[in-house]
1. Starting from residues that are under 21 Å from Thr194 (Cβ atoms) and of a type in the set (S, T, N, Q), keep the ones in region 1-13 and report whichever is nearest to the ligand (Cβ to nearest atom).
2. Out of the residues in region 189-211 meeting the condition of being free of Cβ contacts under 8 Å to residues at least 40 places away in the same chain and open to solvent by 10 Å² or more (accessible area, probe 1.4 Å), tell me which one is farthest from Val98 (Cα to Cα).
3. Could you list, in sequence order, the residues of region 321-346 that are open to solvent by 50 Å² or more (accessible area, probe 1.4 Å) and not in a loop (DSSP other than H, G, I, E, B)?
4. Could you tell me which numbered condition Leu181 fails, if it satisfies all but one of (1) surrounded by 18 or more Cβ atoms within 10 Å (Cβ to Cβ); (2) within 13 Å of the ligand (Cβ to nearest atom)?
5. Output the qualifying pairs, or none if there are none: Cβ atoms under 8 angstrom, residues six or more apart or on different chains, first residue in region 146-170 and under 21 Å from Lys129 (Cβ atoms), second residue among the β-branched types (Val, Ile, Thr) and in a helix (DSSP H, G or I).
6. For region 222-236, check the following and say yes or no: at least one residue is within 14 Å of Asn157 (Cβ to Cβ), more than 12 Å from the ligand (Cβ to nearest atom) and of a type in the set (Val, Ile, Thr).
7. Scanning region 35-53 for residues that are in a helix (DSSP H, G or I) and within 12 Å of the ligand (Cβ to nearest atom), which turns out farthest from Leu197 (Cα to Cα)?
8. Which residue is most open to solvent (accessible area, probe 1.4 Å), if the candidates are limited to region 36-76 and must be of a type in the set (Lys, Arg) and in contact (Cβ under 8 Å) with a residue 24 or more places away in the chain?
Amino acid sequence: MSVRTRIAPSPTGEYHVGGLRTLLFDYALAKKNNGQLIIRIEDTDQGRLVPGAVERLLDVIEEYGISWDEGPRVGGPHAPYVQSERLDLYKKYAKELVEKGQAYYCFCTEERLNKLREEQRSKGMPTTKYDKHCFGLSKEEISQNLSQNKSYVIRLNVPKDRIIEVDDLVLGKLTFPSNDLDDQILLKSDGFPTYQLAVVVDDHLMEITHVIRGFEWLPSTPKHVLLYEAFGWKIPNHAHVPLLKEAGSTKKLSKRMGSVAAADFLKEGYLPEAVLNFLMFLGWNPGTEKEIYNLKEFVDDFSIDRIQKTDLVTFDRQKLLWYNGYYIRAYSAEDLTTKIIDYHKKYYPDALFINWTDPLYTQQVVRLLQERLKLLSEFQLLSSYFYSKPEIDKKLLIEFSGSVERSSEILNSFLTCYDGIEKSGWELPAIDNLSHELIKEKGFKPKEAFMTLRVALTGQTTTPPVFDIAALLGKDIVIDRIKDSLNEL
Ligand code: GLU
């Protein structure tokens, strides 16, 4: 049988970056074995649905460049892949379990259940549990209740005194006493299944061979094992993978520390391949020094054996930034320019300050800034002086020379020198040579002269090499900015 993995997201919010990490593992395992990756939408908790979440989820997975073999948008032999469109199936299977004596109708009212919980709490029970009251109902009582249209749920009849074994591919053999489990509701009174029933029915019907999911689902797994047994179905392999936490804490990812939703990282200015490369290492590593992975290489090297046996791994935001810088530098200036332009068009269409009609100019700017850029979104701020006149702070203009007089002298000297360069000869080597000759002749210290010129041209103190900037800005703009700075003094 071929390997079939799935992700089963619930559209109750934006797609979490942790979900994307798990998706990567599912993708790699399926592709490595020439298998299939399935997307199934688990929307049975109707109260928590967020409008538009399904479409946004699928969009973002596509934006990250990951494709799936079966599921929404692509269809497949087990359609529909949305649980709310499969309700009759769950009902049928819940009733099958009732007939087998593995599940039972429960007609208890909310009032009775609340009272029961209160009683159990007052007796100091650590967790409250259903008391199987309705398991004792006779066939006649059940049919009578049903014919009177009494509201009901169907519960799993959890056996007493059993030790349930879960054989996890990552965590190993685990045992759970059945006495700790509640008689799980399988079908709710609104006719919707709970997660527990739907996940088992669908993983079985969709012929999933490997269930890879976050550690938080481990407590549900013994219930799933009981369900598989009750149906007489083969239990798929399970692999519970670590959850993500902020560096230096045991808390889950927090919006206060940065993006959390997969889509928000792209909006923040991260490249999809950088995020994916970073995520591959959250709970997995190849056991070598290799850190740079594209999707194909990841598929080749992936194995479940190398998934970390732990509940939490650190989401190191600094490392993510490092990856992004790496991928930004790896692009040609031409391709990076396209990325930057597309990024701004998509996320900040109203804030386009750049003259996009001259992409060649932007390409030169990109070439100068590429080394410094860690996020696509930083380009706007870092490159502003290439596109518009900077604000000049007078204090900065004299910071490196020590006085107004000295800065004036420096800037006046550059003005005369540059004025003497023919427009046709306005090129980096000429500007560079003449500037160095000038400071020697005038006895200026390199730092005071070049920093003062840098501030005059850019308004900033950390920029690419100042003569590269001068060459790209062109003679007229350079002369104008020096004159403006002299006026500031
Ligand atoms: N619907 C669950 C979720 O939202 C799926 C858990 C699982 O993969 O079994 O994550």
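1. Ser10
2. Applying the filter and picking the extreme gives His204.
3. If the condition is that a residue be open to solvent by 50 Å² or more (accessible area, probe 1.4 Å) and not in a loop (DSSP other than H, G, I, E, B), then Trp322, Tyr326, Arg329, Ala330, Glu334, Asp335, Thr338, Lys339, Asp342, Lys345, Lys346 are the ones that fit.
4. (2)
5. Matching pairs, first to second residue: Ile154/Val98; Ile164/Val225; Val166/Thr221; Val166/Val225.
6. The answer is no; no qualifying residue exists.
7. Result: Ala53.
8. Looking at the filtered set, the residue picked out is Arg48.
The values are calculated or read from the model by the stated rules, or taken from the named source; none is laboratory data. Source: prediction; values computed, not measured. Cβ sites come from the backbone with ideal geometry, for glycine too, and all protein chains shown count toward neighbours. Quick note on the areas: whole protein, heavy atoms, side chains included, nothing else; ligands and nucleic acids left out. Shrake-Rupley method; radii C 1.70, N 1.55, O 1.52, S 1.80 Å.
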